[in-house]
Structure formats: structure tokens, C-alpha cells
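Encoded as C-alpha cells, the structure appears first; notes follow it.
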Amino acid sequence: MTTPHTIAVLGLGRMGGAIATRLAAQGWDVVGWTRSGRTAGTVKTALDPNEAVAEAGLVLLALFDGPACRQVLADVRDSLRPDTVVVNTSTIAPAEASHLARQLGPSYLHAPVLGSVPAAAAGALQILAAADQDALDRARPVLEALGTVRRVDGAATAAALKLIANNSLAGAVLALRDSLRQADALGLQRAQALDVLELGQLGGLVTRKRPYLDGTAPVGTADFTIEALAKDMTLLADASNTPLRSAAGLAGIPAAPEADIAVAATAPAVPAAVLEPLRAYMRGHATGEPAHFRDAFLPTAHIEGIRGGAFVSWSLDDYCALFHGRPAPDEASRSRRIDAVDVHGTIATATMTLRHGGATFTDIFLLVRAGDSWRIANKAYHRHS
């Protein structure tokens with residue numbers, strides 16, 4: 001077993017550049033290449049990927065997605081030395097990782113990393129490495145210069161674990177967004193809210209990303225972009241074939257794709273115009289006044305659910321006939337809460353919980369935008385026993 005001295009890093013974006021710079025600083029002979037022509041500090045670069053890999057004992061991929069990995073490997077396949085180890089740190093789908101492992105055989109090491117640019121620069125990445133023992137032994141000194149190696153059985157497993165880890169990050173970003181939106185709604189100062197959030201479960205994220213959260217970060221300094229995280233969540237949703245709220249939550253962020261993921265936590269709350277028909281609906285229940293429901297719903301709307309064991313589908317007129325212009329006798333003890341609103345261009349979905357006396361209802365709404373206003377197109381409900 002010999003440790004490779006010359007390392008080719010294919011992909012010199014944020015992570016690839018940080019990895020190449022770290023390895024060069026640790027004494028390896030590093031040559032980089034990137035499709036964009038971007039350079040990475042003092043690391044020497046090649047104009048052609050075949051030139052970069054020709055003398056390399058280890059080729060490290062740090063590319064954006066699976067198609068990029070397949071294309072670059074196809075381009076350099078004939079230039080790889082027989083004993084070259086290919087280490088892929090890119091975040092790709094499990095099926096894509098399996099395909100590359102089958103294609104390249106025992107020389108392929110799938111090694112997605114946990115951690116962003118600062119961790120790469122400090123050699124503090126967590127590396128999920130799936131490979132034959134010989135390939136792992138040869139690559140280990142290089143990987144350990146970048147962080148801690150955790151062996152995983154199978155390329156697909158390593159890829160899946162990376163996506164799961166990034167999903168937890170996406171969840172934390174969206175949880176932080178919800179906390180900041182609630183703080184704004186309560187009239188709290190942003191700095192005060194961030195000070196307290198740093199003390200809790202989101203503290204590490206808040207501390208690392210505070211310049212973005214309070215608006216002091218310079219442009220173009222993203223460690224991990226919204227575009228990249230949204231891509232990863234789409235990969236996870238596709239691979240698992242299971243609903244994934246974080247994929248939709250990131251897709252509609254009104255920010256530049258190259259913005260840091262922390263900017264997603266500062267996205268503005270749902271516009272008041274979307275909430276107005278939902279609030280009119282709540283006023284209808286609070287007062288018993290049918291006019292509020294007519295303000296909330298389109299005239300063609302239907303209200304549907306199971307009542308007395310049978311499916312019912314009321315027209316708006318039928319629904320309004322259930323109310324007689326006065327509140328329920330126990331209105332003081334009733335409550336209603338908007339749980340979630342997701343806006344997708346000219347349509348939106350919303351979920352609400354209503355606690356009416358001894359009954360609890362979950363209402364799900366489909367809303368549409370007509371001009372500058374929003375109305376409820378349909379409602380379905382479930383009465384909890």
C-alpha cells in the first residue's frame with residue numbers, strides 16, 4: 001500500500017477550493033481543475049481535467065451534483081492511472097453513488113462530508129467513507145488531513161446518510177426562520193431575539209450565522225448556498241419517495257440561489273393578503289355571521305368532510321345556512337389557530353386547528369389568488385374523536 005502524493009481536485013467551488021487549499025497546506029502536491037475556470041488561492045490549476053488526473057494517485061471530486069460527476073468522470077476515465085483512487089465528496093443521490101461505485105469498481109471511494117467551508121479549512125470535516133479496504137487505506141492519510149473518517153458500508157448508504165444530515169440542517173434553518181417570524185410578530189427586537197436563541201437548541205447555528213441573520217454579512221461569502229441545500233432536499237425527497245416539508249420550504253425562498261442558507265431564515269412571513277381569507281373564516285366562526293364566510297370563500301367553494309359517518313359536500317350557500325348571526329354559547333372557551341401556510345405562486349395551502357367545545361377539527365384549505373386578493377377555493381375537514 002502506498003499513499004498517493006499527487007492529488008487532483010476536480011471542482012474548485014467553495015468546498016473544493018477549501019479542500020484543495022487545505023491539502024496543499026498539509027504538504028501534498030495538489031493540482032486543481034474546475035469547469036468554470038475558477039482558481040483556489042495558491043493551488044496550481046490545469047486547463048484540462050485529463051492533465052490534472054494524469055499523474056495523480058488520488059482524484060478527489062467536489063462537484064455540484066450527480067450529472068456533473070458522471071460527465072467529469074466520463075471525460076477523464078481514459079486518463080486515470082490503473083492504481084488511482086477516486087474519492088467523491090460530492091452530495092449526490094444514493095442511486096447515483098451506487099452507479100459510480102459499480103462503474104469504477106474497487107478504486108472508487110464515496111466520501112460525502114459533513115461540515116462546510118470553515119470545517120474544511122480547519123481539517124474538521126466528518127467524512128462518511130464507503131470503499132473497499134485497500135482503497136480506504138490508501139486514501140485515509142488524505143482524508144484524515146481533512147477531518148475524521150467514519151467508515152460506512154456501501155456508497156448508497158453513505159450518500160443517503162449525507163442527505164439525512166443535510167435534512168436536519170434544513171430543518172434547523174426553517175425552525176430558526178419560524179422563530180424569527182414569531183419574534184417579529186411579537187414586536188421583539190431582532191438582536192434581542194438572536195441573543196436568546198443563541199442560548200437554546202439552535203444556538204450553534206445562530207452563532208455561526210449571526211452576520212447573515214442581523215444583516216451584517218458581506219455579499220458573496222456563503223459557506224453553503226440555498227441552491228445547494230434545496231438541491232439536496234430534492235434529491236432526498238426523490239430518493240425516499242416520501243413527503244419532505246423542507247424541500248418545499250426552501251424552494252420558495254425569495255433570495256438569490258447563491259445566498260448563504262442562513263438567508264433562508266430571514267425570509268419574510270406569509271403576506272397578509274394570503275392570511276386575510278383565513279382570518280375572515282375565523283371571524284365567521286367567532287361571530288356566527290355568514291357574511292364573513294362569503295368574504296373568505298369563492299362563491300364556487302365546497303366544504304367537505306365526514307359528518308355522522310357519511311361524506312358531505314356543502315356548497316357555500318349550504319354552509320352559510322348553518323350559521324345564524326350569533327356566536328356559539330361557549331364561544332369564550334373556543335379557539336382557532338392557523339398552523340401552516342405554504343404559498344406557491346397563485347395558489348396556497350393552509351392548515352388550521354379549531355377547538356370547539358368538546359370537538360377538535362383539522363381544516364385544510366386550498367386558496368387561489370385572483371388579482372390582488374386571495375380567496376378559499378375549497379375546504380376539507382376532519383373531526384377528531
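A compact table of results
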{"quantity": "Two-decimal Rg/Rh across the chain, once Rg and the Kirkwood Rh are taken from alpha-carbon atoms", "calculated": "1.11"}
{"quantity": "Computed FRET value (nearest 0.05) for ALA321 with VAL343, which takes r as the C-beta separation and R₀ as 35 Å", "calculated": "0.65"}
{"quantity": "Coordinate range along principal axes, alpha carbons of region 100-195, Å, largest first", "calculated": "59, 26, 16"}
{"quantity": "Whole-Hz couplings from phi, Karplus 6.51/-1.76/1.60, listed for region 285-301; x for Gly and Pro", "calculated": "5, 5, 9, x, 8, x, 4, 5, 5, 5, 5, 7, 9, 5, x, 8, 5"}
{"quantity": "Note, ³J(HN,Hα) from phi for region 359-368, Karplus 6.51, -1.76, 1.60, rounded to Hz, x at Gly and Pro", "calculated": "10, 10, 10, 10, 10, 10, 10, 10, 10, 10"}
{"quantity": "Descending semi-axes in whole angstrom, ellipsoid equivalent of region 211-295, from the Cα gyration tensor", "calculated": "36, 20, 8"}
{"quantity": "Per residue solvent-accessible surface (Å²) - the chain, probe of 1.4 Å", "calculated": "48"}
{"quantity": "Most mobile listed residue (MET233, MET282, MET15) in the chain, GNM with C-alpha springs under 10 Å", "calculated": "MET282"}
{"quantity": "Accessible-area composition of the chain, carbon plus sulfur, in percent [1.4 Å probe]", "calculated": "54"}
{"quantity": "Using alpha carbons only: equivalent-ellipsoid semi-axes of region 231-385, gyration tensor based, whole Å", "calculated": "32, 18, 15"}
{"quantity": "Region 204-215 - phi-based ³J(HN,Hα) in whole Hz, Karplus 6.51/-1.76/1.60, Gly and Pro as x", "calculated": "x, 5, 4, 4, 5, 9, 4, x, 6, 6, 9, x"}
{"quantity": "Region 96-125 versus region 319-385: alpha-carbon centroid distance in Å", "calculated": "47"}
{"quantity": "Normalised convex hull volume, region 332-382, alpha-carbon set, Å³ per residue", "calculated": "74"}
{"quantity": "Per residue, the convex hull volume that the Cα atoms of region 250-301 enclose (Å³)", "calculated": "105"}
{"quantity": "Aspartates and glutamates whose Cα lies under 17 Å from that of LYS379, excluding same-chain neighbours fewer than 8 positions away", "calculated": "GLU276, ASP295, GLU304, ASP317, ASP318, ASP339, ASP342, ASP363"}
{"quantity": "Simple label model, 7 Å out from Cα along Cβ direction - ALA185 to THR287, nm", "calculated": "2.2"}
{"quantity": "Cα-based convex hull volume of region 27-124 per residue, rounded to whole Å³", "calculated": "112"}
{"quantity": "FRET efficiency, SER373 to THR207 (Cβ-Cβ, R0 41 Å, nearest 0.05)", "calculated": "0.45"}
{"quantity": "THR221-ALA248 FRET efficiency (beta carbon distance; Förster radius 22 Å; 0.05 resolution)", "calculated": "0.20"}
{"quantity": "Antiparallel bridge percentage (DSSP; both residues within the chain; nearest 5)", "calculated": "60"}
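The values are calculated or read from the model by the stated rules, or taken from the named source; none is laboratory data. Since we're looking at a predicted model, the values are computed, not measured. Every residue, glycine as well, gets a Cβ built from its backbone with ideal geometry; the counts of neighbours run over all protein chains shown. To get the accessible areas, we keep the full protein, side chains included, count just its heavy atoms, and leave off ligands, DNA and RNA. Shrake-Rupley method; radii C 1.70, N 1.55, O 1.52, S 1.80 Å.
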